Amino acid sequence: MKFIETIKNVWKIEELRNRIIFTLGLLLVYRFGAQVVLPGIDASQLASLQGKADGGGIFGLLNAFTGGAFANASVFALGIMPYISASIVVQLMGIAIPYLQKLQKEGASGQKKITQITRWLTIGICLVQAPGYLASLGPMFGIPDSAFLLGQGGVFYFSSIVILVTGCIFAMWLGEKITDKGIGNGISLLIMVGIIATLPKSFLQNMSARFTTGNGAMMILFEILIWFAIIAGSILLVMAVRKIAVQYARRSATGGYEKNVFGGARQFIPLKLNASGVMPIIFAQAIMFVPGLIGGSSLLKETTTGQWMVANFSDMFGLWYNVVFALLIIIFTYFYTAITVPTNKMADDLKRSGGFIPGIRPGSETSEYLDKIMSQITLPGSIFLALIAIFPAFVFKLMGVQSGWALFFGGTSLLIMVGVAIDTMQQVNSYLLNRHYDGLMKTGKNRKAVA
């Protein structure tokens, strides 16, 4: 009853209702576009491409991120991932390029210029990925020549590249509009909706495989219980914080700070256990493509080393793949946390606001203390993140779960779904608190809705 009452409260707030409807409408447009096949390709002859995607592995992961558009040879086949890649590149370049560092300090105007740079870089990445995708349709994915109604000449390539780049830019525009006028982070929602779109099909395929063997119902129930346990663990990882107590001195009548801090406000600095989010998994996933490419190169293709690299690093459920994958995630977690958690800036801001950590001197000593705490909590956070990332391999090898359904037992897919769902619910909750409730610590009785 309380859940139903909460849904009613959400619908009573006109602004929130309009934002939710707007968001759902644009997400529907994105899902519709994922089903529109590129002009010149016969949709009935894409079985080999769809079979590659349904088989799990790297192609299954790419297909999940695009919501099935990759396997459909859709106008949204590139998905929103080129924009994500461009954002990561710009963020990393901000460490070394003074111009970008200057823009980061300029506030809203600087962020606007960074966004524009990211958009242009997205187009550049699309111009590289689109021809590669089109060239792979035949030799790599086994689509017959008869599927290309206009042939594979210059006209087909030019028109398809333009459409694929336009599709990615349009998806990026949809995401930005959702962020501005909808609810939640638009880009993240597009990725999450794409991942969820492939979930029912993967689950049904796994269910069908289970019922062909004995004890199908019991195994499916056991898998669902394991899945919910992993989701609960992912939520704990996303929400876990280490609170650092902070004391603020009480201001005197003359405007200065009293040395006697009795009566000063006591607050906390929340340091997240996993401050890097899913970025270490994305970085590591990109690196894991490299060994297979090197092993399959003309120099190593015929050698024992090259064949070993291709065999072990082309199977994302293999032992060596997951060992290296987990180590890379731990390394990248430390790296990304170091560049995204500015302990020096946190210490300076704390000092300027008259705050200090009890027992720690303001300034450099505070920065060193925060850096030490971050290092301590990043280790268990990175190990837990690595375990969640490689857990699909465990359920695939030990439980016999189908590869497509196994991808939802961890990794980037699950963490993105959990993180985006939590962020969206927090935004909805903030509307409820501002418009309907006195506050979390109050009685919780409804007030009259404010239009």
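Each label point was placed 7 Å from the Cα along the Cα-to-Cβ direction; for Leu387 and Arg361 their separation is 4.0 nm.
Rounded, prolate or oblate: which fits region 10-207, taking a ≥ b ≥ c as square roots of the Cα gyration tensor eigenvalues, rounded meaning a/c under 1.5, else prolate when a/b beats b/c?
Details: a/c = 2.05, a/b = 1.34, b/c = 1.53.
Because a/c hits 1.5 or more and a/b fails to exceed b/c, region 10-207 counts as oblate.
Can you compute the modelled spin-label distance between Ser208 and Leu319, with each label point 7 Å from Cα toward Cβ, in nm? It works out to 3.3 nm between the two label points.
Of Lys102/Lys177; Lys102/Lys272; Lys8/Lys181; Lys201/Lys301; Lys272/Lys351; Lys181/Lys201, which ones are farther than 29 Å apart at the Cα? Present the calculation step by step, with values, prior to reporting the outcome.
Numbers: Lys102/Lys177 27 Å; Lys102/Lys272 27 Å; Lys8/Lys181 21 Å; Lys201/Lys301 36 Å; Lys272/Lys351 21 Å; Lys181/Lys201 31 Å.
From the list (Lys102/Lys177; Lys102/Lys272; Lys8/Lys181; Lys201/Lys301; Lys272/Lys351; Lys181/Lys201), the Cα-Cα distance tops 29 Å for Lys201/Lys301; Lys181/Lys201.
Extension gain, Lys8 to Lys105, is 30.7 nm, computed as 0.36 nm per intervening residue step minus the present C-alpha separation.
If r is the Cβ-Cβ distance from Asp348 to Arg119 and R0 is 25 Å, what FRET efficiency results, to the nearest 0.05? Given R0 = 25 Å and the Cβ-Cβ separation, E is 0.20. Helical runs assigned H by DSSP (4 residues or longer) give the chain a calculated mean residue ellipticity at 222 nm of -22000 deg cm²/dmol, each run adding -39500 (n - 2.57) before division by the residue total. Mind running the shape call on region 215-409? Use the C-alpha gyration tensor, a ≥ b ≥ c as the square roots of the eigenvalues: rounded below 1.5 for a/c, prolate if a/b tops b/c, oblate otherwise. Note, shape of region 215-409 comes out oblate. With the biggest extent put first, the Cα atoms of the chain measure 84, 56, 52 Å across the principal axes. Extension gain for Leu199-Ile287 works out to 29.1 nm (0.36 nm per residue, less the C-alpha to C-alpha distance).
Quick note: the coordinates plus some simple rules give every number you see, no bench work behind them. Note that this is a predicted model, so its numbers are computed, not measured. Cβ atoms come from the backbone with ideal geometry, glycine included; neighbour counts cover every protein chain shown.
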